[in-house]
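Student: Got a structure for you, written out below as structure tokens; questions coming shortly.
The values are calculated or read from the model by the stated rules, or taken from the named source; none is laboratory data. What you are looking at is a predicted structure, and each value in this text was computed from that prediction instead of being measured. Cβ placement follows ideal geometry from the backbone for every residue including glycine, while neighbour counts extend to all protein chains displayed.
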Amino acid sequence: MRRLALAALCAALALADARADDELGFVYVTSNVGEASGGHAALVADGSVYHLQNADADLLLLVRDGWSAFHLVYAVLENRPLAVALLDVTPEVTERAQRSFARLYVEQQLELAKRESLRDDVRWLEAFAADRPTPPLRGAGLLAPGAPEDPDAARLRDLIGSDSLAELRAAAERAVDELTRAGDPTRLEALRESLLVREAARALLGAWGLDPRAVAQLPADADEPLTEAERAGLEEWAASQERAVAELVRSSRPDRGYALLLAQARQLAARRSLATNRLVLLDAFESHAPESLEPEDVADFVRQKRREDAAALLRKGRRSVLASVQVEEANFNLLEEVASIVLREGRADAAGMLSELGMRKLPARGRGLESPPFSGDLGAALAGARERLSAQDETLRKRWSYELMTRNCITLLARTTDDAFGGEAELERALGAAASPDDRTFGFIPFVFFDRVRERLRVSRVEPVPSHMQKELARVFAESPGALTRARESTAYTSTIYQPLLRDSAFLLFTDDVFWRRPAYGFVNLFFGLGFTTYGVAALPFDGGVRAKAGLEGVMWSVPELAFVNVRKGSFDWVAPD
Amino acid sequence: MNPRRTLLAAALIAVLPLFGCKIITAIIELPSDISAGSSKSISGSFDAISTSSGSGPEEPTPNQTSYRRDLRQFAAVFALSQGGTREEFLRGVARIAEDHGVSHWEAEPITPRAIGEGLRDANLSEAEMEAFVNDVGRDKPAAQLALEGWRNPGS
């Protein structure tokens, strides 16, 4: 029986690796303690994964990622077995589904951007009303007014021509004057844009050098000399940034100030790289990351592994990006992101989540810029701006706020899939049936939804994707079969694969790989949890109650096991790459 | 539902009040998860660049495909909505481009092409598209790419 299970698991592993990239399917993520303890679901299409997360003050936001990152987080680190129901559909159907998710993503991102702009309006009007300096503007801190006549910047100025730059500065100054004199509080975004264009023109005319605080200073072990291929790539990149500055000076984009400042800074960084024969990259996280990162509760070896992984990633990126015939901006930005991770000792979460499909972080170090006073009744303007912000918050809440049964990660996933098609008849032709589980009691629960997908939609096959623990157990049992190995691997404290973590709750026996013995194991875990709670209470003055909490959670997650239900599976902080 | 599934559903329903909204939605709030997932994403992007450059210019990276798709949807939604200004349109394009690591989006051939495709999705007539192209400047490569996107929007 056990051998059969192992054979099935090996087959599943092979299938998971061979999963076709051009297919459409629904992914079921099994439960585990912590967030999404009731499970989760996603859509996979052409190797991209779409799912909804409760991410911004109870808003349900679309997250997109490559399959490999999704698999790493859910199946490996969170140790949840997955199942993928692949649908028998045409490539056109897959593309239409992806477009529907692209539409949702764009709508959400633009509404969030609108809210950010309105928040800025309020901050700016508050500053004007209190006669305080206005908030920093992104990109303005990349270059230093205190470092004029930088030789590379002077060369760039000569390349563009001082006359056209003076014209650009004069036009921006006129726009700033007009906008502040008019005192229209709904045109503050235009004011900020004009201030940035003015600053970019000033920086070009004054040949300002890079602000050293905008550069990601790499540690010695990640600061290798440039190779010939990298030098060639950087020459090409520097020239492309010079062209970009020239094009942006001529552009009619009202918001080109930031892009201009960034292109100048990148050109200077590239020229400095070539001069010093060391890669100089801008810090992509500075304006996106909090000033001090929340400390992580991970072991020292995890921190060390992360640092090593980040340095290795930078080496890989240098080979991939700088060796290209043409260095593209989006690709070069990846290098900046990795340098920012290396700078933060491997903390890739420092500026929030990154994805293969967007969510990029561009270097944007901010600095406050001088602005003429804003005319008009600032009290009334501020009241109006606050009202507009509140209305925008309400719009976001109405469209995407999380509601347990009517708008959760399942219902919005299913509706967005269905929205790709014109109506019931078209849905039936495309998928076999609607994905929305409205016809099913508790259809909003992930596994009920997945059962319905299997029953109603045109599923060609279901592929199990094992968790990290399942995969490792298969390896360990194959290498060392026997009752002793099984006994050793069945408890959290003797397992060679798992290291107990307090966030997993206190437990002794794994119950996800047994069924008939599960209630008995549950009893053991329940009593272990009670004992751990007692120990936690004694440790309360020293640990702030984290052990007591883990003990109580251990008791709670043992209760479903008494009724044959497993939720808890353990999790991992770091796993060696394959 | 089989009895095991029913038990799990019952267990979930029973503990719903304990967890409120958290039980069936994912919030990857563990820094270690975000960190590892983000690093993996970048690694995947580097792999895609290597694959793309190895197989000729016709093979876009997932980021490029996604940029094109997003921009196409944005152009279609914007064209169908009432009262948007030119500045708002350009800001929207910039926001989407920056989300994909592009600040100088005018230099990316995908940009005008995707906009043209989106305008086709919004059912812009040939006359309206001609007016758009004239507005951009008919002789500019961007205008021609937009027209090409409108004429051949793909499926």
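Student: Report yes if A:V448 is over 12 Å from A:A42 (Cα atoms) and facing chain B (nearest Cβ under 10 Å), otherwise no.
Tutor: In short, yes.
Student: Right, another one. So, in region A:180-215, exactly how many residues are outside any loop (DSSP other than H, G, I, E, B) and more than 14 Å from chain B (Cβ to nearest Cβ)?
Tutor: Initially, region A:180-215 is screened for residues outside any loop (DSSP other than H, G, I, E, B), giving A:180-182, A:185-206, A:209-210, A:212-215.
Checking which are more than 14 Å from chain B (Cβ to nearest Cβ) leaves us with A:180-182, A:185, A:195, A:198-199, A:201-206, A:209-210, A:212-215.
The qualifying residues number 19.
Student: How many of the residues in region A:423-465 are assigned to a loop (DSSP other than H, G, I, E, B) and among the charged types (D, E, K, R)?
Tutor: Total meeting the criteria: 4.
Student: Would you check if there is a residue in region A:237-251 being among the polar types (S, T, N, Q), surrounded by 20 or more Cβ atoms within 10 Å (Cβ to Cβ), part of a helix (DSSP H, G or I) and within 13 Å of chain B (Cβ to nearest Cβ)?
Tutor: First, pick out the residues of region A:237-251 that are among the polar types (S, T, N, Q): A:240-241, A:251.
Now narrow it down to the ones that are surrounded by 20 or more Cβ atoms within 10 Å (Cβ to Cβ): A:240-241.
Narrowing further to those that are part of a helix (DSSP H, G or I): A:240-241.
Okay, now just the ones that are also within 13 Å of chain B (Cβ to nearest Cβ), so A:240-241.
Within region A:237-251 (the criterion being among the polar types (S, T, N, Q), surrounded by 20 or more Cβ atoms within 10 Å (Cβ to Cβ), part of a helix (DSSP H, G or I) and within 13 Å of chain B (Cβ to nearest Cβ)), the answer is yes, since at least one residue qualifies.
Student: Further question: Step by step: first the residues of region A:508-549, then only those that are of a type in the set (F, W, Y) and farther than 19 Å from A:L473 by Cβ, then the one that is surrounded by the fewest Cβ atoms within 10 Å (Cβ to Cβ). Which residue is that?
Tutor: Residue satisfying both the conditions and the ranking: A:F542.
Student: While we're here: Would you point out the residue of region A:48-90, among those that are more than 17 Å from the chain's Cα centre (by Cα) and of a type in the set (G, A, S), that is nearest to the other protein chains (Cβ to nearest Cβ)?
Tutor: A:A75
Student: Considering A:V476, A:V524, A:V559, A:V575, which residue is of a type in the set (V, I, T) and part of a loop (DSSP other than H, G, I, E, B)?
Tutor: Testing whether each residue is of a type in the set (V, I, T) and part of a loop (DSSP other than H, G, I, E, B) leaves just A:V575.
Student: Where residues in region A:333-345 are touching a Leu at 6+ places or on another chain (Cβ under 8 Å) and of a type in the set (D, E), which of them is surrounded by the fewest Cβ atoms within 10 Å (Cβ to Cβ)?
Tutor: Selected residue: A:E336.
Student: So which of A:E111, A:E126, A:E107 is more than 14 Å from chain B (Cβ to nearest Cβ), within 30 Å of A:R388 (Cβ to Cβ) and among the acidic types (D, E)?
Tutor: Exactly one of A:E111, A:E126, A:E107 is more than 14 Å from chain B (Cβ to nearest Cβ), within 30 Å of A:R388 (Cβ to Cβ) and among the acidic types (D, E), namely A:E126.
Student: Can you name the helices (runs of 4 or more DSSP H) wholly within region B:100-155 that have at least 2 residues being under 16 Å from the mean Cα position of the chain (by Cα) and modelled with pLDDT of 90 or more?
Tutor: B:110-121
Student: Regarding region A:315-329, can at least one residue be identified that is within 27 Å of A:P136 (Cα to Cα) and modelled with pLDDT of 90 or more?
Tutor: Of the residues in region A:315-329, the ones within 27 Å of A:P136 (Cα to Cα) are A:329.
Subset that is modelled with pLDDT of 90 or more: A:329.
Yes, region A:315-329 contains at least one residue that is within 27 Å of A:P136 (Cα to Cα) and modelled with pLDDT of 90 or more.
Student: Also, quick follow-up: For region A:391-422, what are the residues that are out of contact with any Cys (no Cβ under 6 Å at 6 or more places or on another chain) and part of a loop (DSSP other than H, G, I, E, B)?
Tutor: Within region A:391-422, A:M405, A:T406, A:N408, A:A420, A:F421, A:G422 meet the criteria.
Student: Select, from B:R95, B:R68, the only residue that is among the charged types (D, E, K, R), touching a residue at least 12 places away in the same chain (Cβ under 8 Å) and either under 19 Å from B:G154 (Cα atoms) or part of a helix (DSSP H, G or I) (or both).
Tutor: B:R68
Student: While we're looking at this one, here's another question. Scanning for something in a strand (DSSP E or B), surrounded by fewer than 23 Cβ atoms within 10 Å (Cβ to Cβ), in contact with a Gly (Cβ under 8 Å, 6 or more places away or on another chain) and away from chain B (no Cβ under 11 Å), does region A:346-366 turn up at least one residue?
Tutor: no
Student: Take the residues in region B:52-71 that are of a type in the set (S, T, N, Q) and closer than 21 Å to A:V63 by Cα; name whichever of them is modelled with the lowest pLDDT.
Tutor: Filtering region B:52-71 for residues that are of a type in the set (S, T, N, Q) and closer than 21 Å to A:V63 by Cα, the one modelled with the lowest pLDDT comes out as B:T61.
Student: Moving on to the next point. Looking only at region A:105-127, decide whether some residue is more than 30 Å from the chain's Cα centre (by Cα) and under 30 Å from A:L204 (Cα atoms). Step through it out loud before you land on a result.
Tutor: Kept after step one, since they are more than 30 Å from the chain's Cα centre (by Cα), are these residues of region A:105-127: A:125-127.
Still in the running and under 30 Å from A:L204 (Cα atoms): A:125, A:127.
Yes, that holds for at least one residue.
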